[in-house]
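Throughout, read-outs are computed from the coordinates displayed, never taken from laboratory work. Since the structure is predicted, the reported quantities are computational estimates derived from the model, not experimental observations. Cβ coordinates were reconstructed from backbone atoms using ideal geometry, including for glycine residues, and neighbour counts include every protein chain displayed.
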Amino acid sequence: MPVFNCATRQRYNYYVRESIDVSMLAPMPDTQMMNIHCRIPRHLLTNPELNPSLKILEEEVYEYYLYSLRKGIGKLANVCDVLLIPV
């Protein structure tokens, strides 16, 4: 397994995040967020003081979902091999 230096890893993450547009990705299934909400106690979900935290959690889940799809596409397209070619 190749060892990635910091610059290569940053470049890889940049290409994974920026080269694939959101419109090209499958939408996140509604059931995924519902499954996450089912694991949070109801008294926390209904607490108005925690609404901002819940919104942040939902945004993080969505961003991680998109990142994992992009990363899968990047691996499929051998993005790692392209990045290891010296320029």
Quiz item: Can you give the convex hull volume of the alpha carbon atoms of the range 1-54 per residue, in Å³?
Solution: 188
Quiz prompt | Fully extended contour minus Cα-Cα distance, from T31 to L44, at 0.36 nm per residue | solution = 2.7 nm
Exercise. Order by neighbour count: T8, T31, fewest other Cβ atoms within 10 Å first, most last.
Key: T31, T8
Quiz item: Between the range 55-69 and the range 1-53, how many Å separate their Cα centres?
Solution: 2
Quiz item: Rounded to the nearest 0.05, what FRET efficiency do Y67 and N5 have when you use their Cβ-Cβ distance and R0 = 22 Å?
Solution: 0.55
